[in-house]
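Worksheet: one structure, shown below.
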Amino acid sequence: MTKPRILLFDSGMGGLTVARAVRAAEPEATLIYAADNAAFPYGAWDEPLLVKRIVAVVGKLVAETTPDLVVIACNTASTLALAALRERYAVPFVGTVPAIKPAAEQTKSGLIGVLATPGTVNREYTRTLIHTYAYHCKVFLHGAKRLAEIAEGKLKGQAVDMDELKSEIMPVFRKRDDKTTDVVVLGCTHYPLLLDEIRQAAPWPVTYIDPAPAIARRVSDLLRSAKGTGARMNGAQHGTVFLTSARGRGNESLAAYAAMGFGSNEVLDLPV
Ligand code: DGL
């Protein structure tokens, strides 16, 4: 396929960590980013309302951008709405779900931490991943209420409150007998933006799992096997950012997107 067009979707800026890995793996691809910033953060939403919203927003984006592939670069959205999206739209989807399988393969102590949004922590999908792949481990799941917002603040140039960050991550650092948590899953695409601060605040060193490289590999595999049309008459330009609220168009937000390689910016008109 010549110049595949990839749409990356998140509630906010977290999916930029996935976009970074996809760009490295597919430098020729046309990347379009979309943030449902009118509804950010997704972590606190009720499930039925959120599924409806994601299906509507992604449908509008697919019509507008005619992608060859859509990456749902958000655990909170993927664990809830991936099945509904696949059922509804013909375009291939790549989701982002907590990296519990690789964590279970890498842990030596058998104690795994999963940092995610409250929504992702409560999902049946996440529980099933644990029962399937980490049944032999002790998994400490923590729904962090503020970490995604702290990450966006950092990207917009605000100082990170290290005490607040520490209280958000501490619940996954546990001791059992003479063992300690040795692998922590970053189960929200915003969290890799805070990796330096998380390492600094952590009580001991652990392995952190950022799913972005694995998602990029999956994207590459799917593109290799897809039959795309290549050239198109319509669709957004490389580097366009779609937002669902003009609120995200402040200078600090635009600078944050630009720093991650996304320049031009459009507000998506949504019938909500
Ligand atoms: N980046 C999102 C995720 O991966 C969610 C952040 C939020 O909107 O709460 O879960």
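The values are calculated or read from the model by the stated rules, or taken from the named source; none is laboratory data. Everything quoted here is computed from the prediction, not taken from an experiment. Every residue, glycine as well, gets a Cβ built from its backbone with ideal geometry; the counts of neighbours run over all protein chains shown. For accessibility, only protein heavy atoms count, side chains too; no ligands or nucleic acids. Shrake-Rupley method; radii C 1.70, N 1.55, O 1.52, S 1.80 Å.
Which sequence of Arg174, Arg217 reflects their accessible areas, 1.4 Å probe, from the largest down? Spell out each step's value before the answer.
Details: Arg174 95, Arg217 145 Å².
In descending accessible area the options line up as Arg217, Arg174.
Would you work out which of Val183, Ala77, Tyr133 lies farthest towards the positive end of the dipole of the chain, given +1 charges on the beta-carbon of Lys and Arg and -1 on that of Asp and Glu, about the Cα centre?
Tyr133
Accessible area of the chain with a 1.4 Å probe: how many percent of it is carbon plus sulfur?
50
Which whole-number value in Å³ per residue fits the convex hull of the alpha carbons of the chain?
Working: hull volume 33.0 nm³, N = 272.
Convex hull of Cα atoms, per residue: 121 Å³.
In the neighborhood of Ala202, defined by Cβ-to-Cβ distances under 13 Å, what is the net charge if each Lys or Arg adds +1 and each Asp or Glu adds -1?
Details: positive: Lys166, Arg174, Arg199; negative: Glu168, Asp182, Asp196, Glu197.
For residues surrounding Ala202, the net value is -1.
Grab the Cα-Cα distance for Ala159 and Arg146, subtract it from 0.36 nm times how many residues apart they are, and report the gain in nm with one decimal. Before the final figure, lay out each step's value.
On the way: separation 13, 0.36 × 13 = 4.68 nm, distance 1.43 nm.
Fully extending the segment from Ala159 to Arg146 adds 3.2 nm.
Rank these by accessible area, largest first, 1.4 Å probe: Leu268, Leu80. Write out the running numbers ahead of the final one.
Details: Leu268 10, Leu80 35 Å².
So, going from the largest accessible area down, we get Leu80, Leu268.
Give me the one-decimal nm value for the distance between modelled label points at Arg217 and Ala246, 7 Å along each residue's Cα-to-Cβ direction.
For Arg217 paired with Ala246, the spin-label model returns 4.5 nm.
Take the alpha-carbon centre of segment 150-192, take the same for segment 1-26, and report the distance between them in whole Å.
Taking the Cα centre of each part, segment 150-192 and segment 1-26 sit 24 Å apart.
I'd like the accessible area for Cys74: 1.4 Å probe, protein heavy atoms, all chains in place, Å² to the nearest 10.
10
Between the DSSP loop rule and a limit of at most 10 other Cβ atoms within 10 Å, which chymotrypsin sites (Phe, Trp or Tyr not before Pro) in segment 132-178 are left? Spell out each step's value before the answer.
Numbers: sites: Tyr133, Tyr135, Phe140, Phe173; in loops: Tyr135, Phe173.
Those satisfying the criteria are Tyr135.
Assuming R0 = 41 Å, what is the FRET efficiency of Leu49 and Lys3, from their Cβ-Cβ distance, to the nearest 0.05? Walk me through the numbers on the way to the answer.
On the way: r = 37 Å, r/R0 = 0.90.
That pair, Leu49 with Lys3, gives E of 0.65.
In nm, to one decimal, how far is the Ala83 label point from the Thr180 one, both placed 7 Å along Cα→Cβ?
Result: 4.0 nm between the two label points.
Specify whether the C-alpha gyration tensor of segment 142-272 places it in the rounded, prolate or oblate class, a ≥ b ≥ c being the square roots of the eigenvalues: rounded for a/c under 1.5, otherwise prolate if a/b is larger than b/c and oblate if not. All intermediate terms of the calculation are to be shown ahead of the outcome.
Working: a/c = 2.84, a/b = 1.54, b/c = 1.84.
Oblate is the answer for segment 142-272, as a/c is 1.5 or above yet b/c matches or exceeds a/b.
With the crude spin-label approximation of a point 7 Å out along Cα→Cβ, what separation in nm comes out for Ala56 versus Ala255?
Distance between the two pseudo-spin positions: 3.4 nm.
Fully extended, how many nm does the chain gain between Ser167 and Thr132 (0.36 nm per residue separation, minus their Cα-Cα distance)?
Working: separation 35, 0.36 × 35 = 12.60 nm, distance 2.95 nm.
Between Ser167 and Thr132, full extension yields 9.7 nm more.
Using a cut-off of 11 Å between beta-carbons, work out the net charge of the residues near Tyr133 (Lys and Arg +1, Asp and Glu -1, Tyr133 not included).
0
Can you tell me the relative contact order of the chain? Whole percent, Cα pairs under 8 Å, sequence separation 6 or more. List each step's numbers first, then the result.
On the way: 524 pairs, mean separation 72.7, N = 272.
Rounded, it is 27 percent for the chain.
For the chain, what is the charge dipole size about the Cα centre, in debye to the nearest 20, if Lys and Arg each add +1 at the Cβ and Asp and Glu each add -1 at the Cβ?
Details: 31 positive and 27 negative charges, 112 e Å.
With only Lys, Arg, Asp and Glu charged at Cβ, the dipole is about 540 debye.
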